[in-house]
Amino acid sequence: MKRLVVPLLLAATLYAGDSRIVSGINSFNIASYQQLARADANLALSPFNIAAALSMTLPGARGRTATEIARVLHQHYDSSYDSDFAVLVDDLTKAGNTGANELLNANGLWVQKGFPIQAPFKEALANQYHAPIVLLDFVTNPESAREEINRWTEQHTKDKIKELFPAGSLNDQTRMVLTSAIYFYGKWQDPFLASRTEAGSFTLQSGALKQTKFMHQTSHFNYTETSSSQILEMRYAGSGLAFDVLLPKTSTGLVEIEKSLTSGNLTAWLGNLTGCNVRVSLPKFRAESEFSLGKTLSAMGMPTAFTNNADFSGIDSRGNLAISEVEHKAFVDVSEQGTEAAAATGITAHPAAMRAPQSTVVFRADHPFLFIIRDSRSGVMLFIGRLVNPRS
């Protein structure tokens, strides 16, 4: 049985097209967040990136394997899915490259020389995912192949995601790697003045205090409240993209927000955003995460793709490919001028055996909170994470 490798990357924005795909992506975002959020750790995650990588396998998946992957992605996979997903990515790219912002997107298909790939699969990846085939020699020189894929990853994330595949992770059994990369830099519509950044106390989940740098400004932002949280939305200049902060009303309230986090609840909460004056204090921070997602995705409902019963016969007609592992790296950096974000996912395959008041609101994010990078036009999320211990 052969095992499959698909590395991937992405960054932040949202789509105004097919609501079916957007709804599914958001549901997968939240399900992934809830699986991976740890009680005492920061989190930066791009489930959109993971979904893009897994979507690239669907044109070649068959039977139970395809059904499970689509179900985990909360999607109905049919003949229009790949083209609809392509329209979504194109729409995001256009929106993300306005207002002095930058959004880069690229995909790749890396295949062992001489390994037969089904023509319809190859055409789907070239035409819909813009991932032309690149032939490499994993059998006799896997380290050279690994280095070439890692260089591609670094180039398409502005050197933010390095060593997606560590030494020895690809070997003479590797037959195919799929890559998808996104890099995003968004400038605030209302930037913070660096001269107003000053030290302050951030309350950790343990109750201990940590000194960190807080950015300050008072301006007109979108804002709302729920019974347990304040929600602030800060726009990126001229793009429709936004950074949302869900701040618990108590220093220990993040767990309650996370328990109530569903796609429906989030849509309802953000639907209540309205403009008002807000006095914002937000920590400068950088959050980074990396995960091996094989067991997580299996637990979420797609175990067959990782076993000898996997059916990727739409890629290899002999039907002897299976996914061996899914690696994900992501980071988000928030500063006075804006947000920089990138993410990478690698899937490897081997031969197998409430309303805001009109007066000024105080929004001081001095304790653990959840954040989202999304497209305010459609509501689709690209990044989701939490800050429990600020580091800059």
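The values are calculated or read from the model by the stated rules, or taken from the named source; none is laboratory data. No experiment lies behind these values; they were computed from the predicted model shown. Every residue, glycine among them, receives a Cβ derived from its backbone with ideal geometry; neighbour counts consider all protein chains shown.
If a residue must be over 28 Å from PRO47 (Cβ atoms) and hydrophobic (A, V, I, L, M, F, W, C), how many such residues does the range 193-219 contain?
6
Tell me, which residue of the range 233-248 that is modelled with pLDDT under 95 and more than 19 Å from the chain's Cα centre (by Cα) is surrounded by the most Cβ atoms within 10 Å (Cβ to Cβ)?
Checking each candidate, the answer is ALA237.
Starting from residues that are β-branched (Val, Ile, Thr) and within 17 Å of PRO248 (Cα to Cα), keep the ones in the range 258-284 and report whichever is surrounded by the fewest Cβ atoms within 10 Å (Cβ to Cβ).
THR262
Within the range 307-331, restricting attention to residues that are over 21 Å from the mean Cα position of the chain (by Cα) and in a strand (DSSP E or B), which residue is surrounded by the most Cβ atoms within 10 Å (Cβ to Cβ)? Talk me through it step by step, then tell me what you get.
Kept after step one, since they are over 21 Å from the mean Cα position of the chain (by Cα), are these residues of the range 307-331: 307-322.
With in a strand (DSSP E or B) added as a condition, the list becomes 321-322.
Values: LEU321: 30, ALA322: 24.
Going through the qualifying residues, I end up with LEU321.
Would you mention how many residues in the range 161-186 are touching a Phe, Trp or Tyr at 6+ places or on another chain (Cβ under 6 Å) and farther than 24 Å from ILE133 by Cβ?
Residues meeting the conditions: 1.
Table: residues versus (1) at negative phi; (2) in contact with a Ser or Thr (Cβ under 7 Å, 6 or more places away or on another chain); (3) not charged (D, E, K, R); (4) not assigned by TED's automatic domain parsing to the domain that holds ALA31.
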position	(1), (2), (3), (4)
LEU266	yes, no, yes, yes
LYS295	yes, no, no, no
ASN308	yes, no, yes, no
GLY319	no, yes, yes, no
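Can you work out which of the residues in the range 274-306 that are in a loop (DSSP other than H, G, I, E, B) and at pLDDT 95 or above is nearest to SER227 (Cα to Cα)?
Filtering first and then ranking leaves LYS284.
All but one of (1) in contact with a Leu (Cβ under 6 Å, 6 or more places away or on another chain); (2) crowded, with 22+ Cβ neighbours inside 10 Å hold for ILE133; which doesn't?
Every listed condition holds for ILE133 apart from (2).
Going through the range 64-96 one residue at a time, which ones are in a loop (DSSP other than H, G, I, E, B) and charged (D, E, K, R)?
Matches in the range 64-96: ASP78 only.
Can you find a residue in the range 344-363 that is modelled with pLDDT of 90 or more and among the basic types (Lys, Arg)?
no
Evaluate the range 72-81: report whether one residue or more is surrounded by 15 or more Cβ atoms within 10 Å (Cβ to Cβ) and small (Gly, Ala, Ser). Please lay out each step first, then the result.
Initially, the range 72-81 is screened for residues surrounded by 15 or more Cβ atoms within 10 Å (Cβ to Cβ), giving 72-75, 77, 81.
From the residues that got through so far, the ones that are small (Gly, Ala, Ser) too are none.
No: zero hits.
Considering only strands (runs of 3 or more DSSP E) fully contained in the range 97-192, which possess at least 3 residues that are within 20 Å of the chain's Cα centre (by Cα) and closer than 27 Å to LEU58 by Cβ?
Output list reads 102-112, 176-187.
Determine whether the range 110-120 contains at least one residue that is under 20 Å from THR345 (Cβ atoms), in the same structural domain as ASP311 (by TED's automatic domain parsing) and out of contact with any helix residue (DSSP H, G or I) (no Cβ under 8 Å at 6 or more places or on another chain).
Of the residues in the range 110-120, the ones under 20 Å from THR345 (Cβ atoms) are 110-111.
From what's left, in the same structural domain as ASP311 (by TED's automatic domain parsing): 110-111.
Still in the list and also out of contact with any helix residue (DSSP H, G or I) (no Cβ under 8 Å at 6 or more places or on another chain): 111.
Yes, the range 110-120 has at least one match.
Restricting to the range 131-166, and then to whatever is touching a helix residue (DSSP H, G or I) at 6+ places or on another chain (Cβ under 7 Å) and either of a type in the set (A, V, I, L, M, F, W, C) or assigned by TED's automatic domain parsing to the domain that holds TYR236 (or both), can you tell me which residue is nearest to ALA119 (Cα to Cα)?
ILE133
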